[in-house]
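Each remark here refers to the structure printed beneath this line.
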2 protein chains.
Amino acid sequence: MEVLKVSSRSVPNSVAGAICGVIRKGNSVEIQAIGAGATNQAVKAVAVARGFLEPEGIELICFPAFGQVTLNDEERTAMIITCEKR
Amino acid sequence: MEVLKVSSRSVPNSVAGAICGVIRKGNSVEIQAIGAGATNQAVKAVAVARGFLEPEGIELICFPAFGQVTLNDEERTAMIITCEKR
């Protein structure tokens, strides 16, 4: 499982490219986002990645969950969005 | 396909309950969210709904896409998160 950390300043198209790279290798990817802005960029990235992968016959699905991640030595609650090929 | 409109003031647990109601009936649900705050609440709601449905042996999956919705007579870009039983 590869991990991508997304912030509110992440560019959805770039994150989508990274998601596609992992999925095309046949792996799953876990997107970590802390806060509303980051979660929004993460969801946009998944939507863009779905569009990139669709013409290749790959359907991307995802499932969100809450998780704990460490940021600057602090424990924070993050949204963890796992993406995989259907 | 049932539609749930989520705003930044929506309570994730309540939205999750509504998602579960639709899924238990065997239907799919489309969550519409405009803006980062609303999208964040929508993703939280899906994460909570997954937790509600898991003990029932139901795995919830989702796929986000961009869509156009009309709000106050204005055309707006929304995140449309479709949820269904795996």
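The values are calculated or read from the model by the stated rules, or taken from the named source; none is laboratory data. A quick note: this is a predicted structure, and the numbers were derived from the prediction, not measured. Every residue, glycine among them, receives a Cβ derived from its backbone with ideal geometry; neighbour counts consider all protein chains shown. Heavy atoms of the whole protein, side chains included, go into the accessibility calculation; ligands, DNA and RNA do not. Shrake-Rupley method; radii C 1.70, N 1.55, O 1.52, S 1.80 Å.
Observations
- Placing a label point 7 Å from Cα along the Cα-to-Cβ axis, B:ARG76 is separated from the same position in the other copies by 2.6 nm, shortest listed first.
- Using only side-chain charges placed at the Cβ, +1 for Lys and Arg and -1 for Asp and Glu, the dipole size of chain A relative to its Cα centre rounds to 220 debye.
- Calculated Rg and Dmax of chain B using C-alpha coordinates, Å: 12.4, 42
- Every helix of 4 or more DSSP H residues in chain A counts as -39500 (n - 2.57), and over all residues that averages to -12000 deg cm²/dmol at 222 nm.
- Percent accessible area from carbon and sulfur atoms, the range A:3-86, protein chains only, probe 1.4 Å: 46 percent
- Cβ-defined net charge surrounding B:ILE23, 11 Å radius [Lys, Arg +1; Asp, Glu -1]: +1
- For B:LYS5, nonlocal amide neighbours, meaning residues 5 or more places apart or on other chains whose placed amide H falls under 5 Å from its own, are B:GLN32.
- Taking all Cα pairs closer than 8 Å and separated by 6 or more residues, the relative contact order of chain A comes to 33 percent.
- Buried on assembly, the range B:61-75 (at least 20 Å² less accessible surface than by itself, 1.4 Å probe): B:ILE61, B:CYS62, B:PHE63, B:PRO64, B:PHE66
- Unit charges on C-beta of K, R, D, E only; dipole of the protein assembly as shown, Debye: 20 debye
- Derived scalar couplings between HN and Hα for the range A:4-10 equal 10, 9, 10, 10, 5, 9, 5 Hz in order, rounded to whole Hz, by the Karplus curve 6.51 cos²θ - 1.76 cosθ + 1.60 (θ = phi - 60°), x for Gly and Pro.
- Scattering profile of the protein assembly as shown at q = 0.08, 0.13, 0.18 Å⁻¹ [log10 I(q)/I(0), Debye over alpha-carbon scatterers]: -0.22, -0.59, -1.16
- Charge tally in the Cβ shell below 14 Å around B:VAL11, where Lys, Arg are +1 and Asp, Glu are -1, B:VAL11 excluded: +3
- Straight-line cross-link reach from A:LYS5 at under 24 Å between alpha-carbon atoms covers these lysines, not counting any fewer than eight positions away in the same chain: A:LYS25, A:LYS44, A:LYS85, B:LYS44.
- Solvent-accessible heavy-atom area per residue, rounded to whole Å², over chain A at 1.4 Å: 49 Å²
- Summing both sides, the accessible surface hidden between B and A at a 1.4 Å probe radius is close to 1700 Å².
- Spin-label model, A:THR82 to A:MET1: label points 7 Å out along the Cα-to-beta-carbon direction sit 0.5 nm apart.
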